[in-house]
Structure formats: structure tokens, C-alpha cells
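Below: one structure, written as C-alpha cells.
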Amino acid sequence: MITPGLEHSGVQDEDLRWLEQAFHDTFGASAEAAVLLKGDASDRKLLRIRGGGNSAIGVMGPSLEENRAFIAFARGFRASRLPVPEIHAVDPRERCYLEEDLGETTLAAWLDSHREGDGIDAAAEQMYRDVLDDLLRFQIDAADAVDYSYCYQTAEFGTDAMRFDLAYFRSMFLEPLVRIPYDSSAYVRDGERLISLLLESERRFFLYRDFQSRNIMVRDGAPWFIDFQSGRRGALQYDVAALLFDSKGRLPRDIRQRLLEHYMDGVQRRISIERRSFARLFEGFAVLRLLQALGAFGNLGLNKNKPSFLTLIPSRLQSLAMLVREAEIMENLPNLQKLLLDISGQPDALHLEFPES
């Protein structure tokens, strides 16, 4: 059994034995080494297992529903020829599975060598275009390739899911981190108004839910996709907003706009849209996504012992301030707009201490 370095990792012997056998059954070679990978915000444990010149990723997930969703969606997308990892084997207990190893380079890491000043170079912009082209394949072309009965959170990103994200931002960010007073009733009223506006969007597409640069791998110069297990039906705008306002991407405004135009061109080749209305809803979903991200950073930093996530807050507040100041949809949400501008514009607005580097 492979144990060096895993003794205090929380990996259970029974799971490791199953993964070693699955690796042998898949490749006809014994597992010789296993390295525990960093899981970011996930509660899953990931192992890179190597042996006989082969490599695979072993996944051990505490949530059986989450495991089932990822496996079912991966198989559906794989059948539609989308670039997602092949599922090599699944534990009968559904606690573990062995999947294709897509390498170690996330889009977030790849971008680090493609920066130009405050922006990105031409190769990186083209990579984003390729990613957006693939996103449309997930959202529209293969929307019916997955079994939505495996959605383990909500079947649709609708009223309840949006309301949850707004409450999450309030409980994980506003209440523990914001010093300045705010009117909670006004926050709820404008939140409900935002939901009402976003519900104008069509929600018959596949919504990836966490479509960001750490969930995109770059292999042989092309994007591959992971961590789509939280997918459900929803609006097109949410995922593109998640990518273009991703904390790791740090896209300048002009490039973000060009990429949005490219994405809308791709949408229009598939379905009919009114571009101004689509862009207006994109801005609204971008606000909601940034609030969800800030709530997640607060939760991970304060409650899950991952303080490095707190360092992502200032850049997200900067993006949020620019967005809520200029977005047409915010004209209908004056209280929320003022609150978010106050938080992002006052140096002492937050109780925020960064971890030592």
C-alpha cells in the first residue's frame, strides 16, 4: 500500500486500497506513488497516482450526491466530445473514483506567464476565446446531454438559489467583516428586486455554476474542464460573468468587453438574443456572482481555516465597485449600489487582517 506522506492526510486506508486496485485494473500496472493535491475550497481529497509510466487522479468525496453528479455529468459531456476527464473507475460505495489526469496547469497558473502590464497577451486573449467557445458547447450544444436528476443542490438556478447567494453574502461577508452600518431591510428589498430582474433571463441552459480559471486546465495548448458537479439549469449570463470577473483572471475592462462580444456572437449563431438586454442581464449576474464569491472568501477565510482567500477580497471589491457604478441594472437598486460602493470605497470599511506570507 502506498502510504508515505499520507499518514496524517485523512485519507482512509480502505479508500486508498480501492484506488490502488482501480489503478492496476485500469492500466495493468501497480501504483508506485501517490501525492495529495491541494483542493482549494473543496472538501474532497485528490491524489495523483503514478505507476508504470501512467498517471491518474483519485478522488475521495465525502458527499455521495456530489460524486454522483460529477460522474454522471462527466460521462454525458464525454459522450458529447467535450474536453472533460474520462472516468476510469467508480467505487461501488460511490465514495471514490479514478479519473483521467489532465496535468498540473490550471488556466489561472497558465495566465501568469501571459501577462502584459495590467493586461494579458494575444495568446491569452485567444485562449479565453477558445474557453468561451467551449462554454457555449456546455451550455447550449450539450445542454441535454446530462441527466439533471443528478443535480444535488437545486435543479435550477432560479429564485431560491439567487436568494441563497444574497443571504450567503450577508452572513459570511457583511455581518462578520463590514464595519460600517447598513440597512438590512433595504438590502433585502434591493436583493429581491435584483432577483426579479434576473428572472427575466431564459433558464433552459446548462449552468456550470463555478466556471472560473482554477476549474479549467490547459493541456497541450487547449482548455479542459473540471469541477462541473454543481451544474444545473440556468441562464447563459451567469457562467460567462463568473469567468470574466474571476479573481485570478484580472481582465482589463476593454478585453473583458471584447470577450463578451465574442461570446454573444457565439450565442447568436445558436439562438436569437437582443444584445443590449443580454449585456444588461450579464451585468446583473456579474454582481450576484461577485457577491457570492465575496461570501465564499469570507467563509473560507474565517470559518474553514483558509486565510489566503481573504487576500482575494480587495481585488474583488475593486471589480465590484467598477461594475455597480456603471451597470445599467444598478439604477433600479440604489440602496444596494450605495452599500457596495461604501464598502469598496472606504479604507476602514472592513475588519480584514491578511495572513502573514
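The values are calculated or read from the model by the stated rules, or taken from the named source; none is laboratory data. Predicted model only: the values in this text are computed from it and were never measured. Cβ: placed from backbone, ideal geometry, glycine included. Neighbour counts: every protein chain shown. Heads up: the accessible areas ignore ligands, DNA and RNA and are worked out on the full protein's heavy atoms, side chains in. Shrake-Rupley method; radii C 1.70, N 1.55, O 1.52, S 1.80 Å.
Things to note:
- Conditions (1) within 30 Å of Leu244 (Cα to Cα); (2) free of Cβ contacts under 8 Å to residues at least 60 places away in the same chain; (3) part of a helix (DSSP H, G or I); number of the one not met by Trp110: (2)
- Residues (surrounded by 19 or more Cβ atoms within 10 Å (Cβ to Cβ) and part of a helix (DSSP H, G or I)) located in the range 77-107: Phe77, Leu107
- Residue-level check: of (1) on the phi > 0 side of the Ramachandran plot; (2) modelled with pLDDT of 90 or more, Met264 misses just (1).
- Among the residues of the range 221-249, those identified as open to solvent by 30 Å² or more (accessible area, probe 1.4 Å) and under 17 Å from Ala142 (Cα atoms) are Trp224, Ile226, Asp227, Arg233.
- Restricting Glu331, Glu283, Glu261 to residues that are crowded, with 17+ Cβ neighbours inside 10 Å, in a helix (DSSP H, G or I) and among the acidic types (Asp, Glu) narrows the list to Glu283.
- Residues located in the range 15-74, provided they are aliphatic (A, V, I, L, M), within 23 Å of Pro92 (Cβ to Cβ) and part of a strand (DSSP E or B): Ala34, Leu46, Leu47, Ile49, Ala56, Ile57, Val59, Met60
- Pairs meeting the criteria (first residue in the range 296-321 and among the β-branched types (Val, Ile, Thr), second residue assigned to a helix (DSSP H, G or I), beta carbons under 9 Å, at least 6 apart or on different chains) are Thr311/Phe297; Thr311/Gly301; Ile313/Phe173; Ile313/Leu177; Ile313/Leu294; Ile313/Phe297; Ile313/Gly298; Ile313/Gly301.
Quick grid of which residues meet (1) in a helix (DSSP H, G or I); (2) among the aromatic types (Phe, Trp, Tyr):
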{"site": "Ile140", "(1), (2)": "yes, no"}
{"site": "Ala143", "(1), (2)": "no, no"}
{"site": "Asp165", "(1), (2)": "yes, no"}
{"site": "Tyr168", "(1), (2)": "yes, yes"}
{"site": "Phe173", "(1), (2)": "yes, yes"}
{"site": "Pro176", "(1), (2)": "yes, no"}
{"site": "Arg189", "(1), (2)": "yes, no"}
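- Residue check for Leu333: in contact with an Asp or Glu (Cβ under 8 Å, 6 or more places away or on another chain) and in contact (Cβ under 8 Å) with a residue 60 or more places away in the chain: yes
- For Phe211, the conditions (1) modelled with pLDDT of 95 or more; (2) open to solvent by 10 Å² or more (accessible area, probe 1.4 Å); (3) in contact with a strand residue (DSSP E or B) (Cβ under 9 Å, 6 or more places away or on another chain); (4) closer than 28 Å to Ser344 by Cα are fulfilled apart from (2).
- Considered as a group, the residues in the range 178-197 that are among the charged types (D, E, K, R) and closer than 22 Å to Gln346 by Cα include one that is surrounded by the most Cβ atoms within 10 Å (Cβ to Cβ), and that residue is Asp190.
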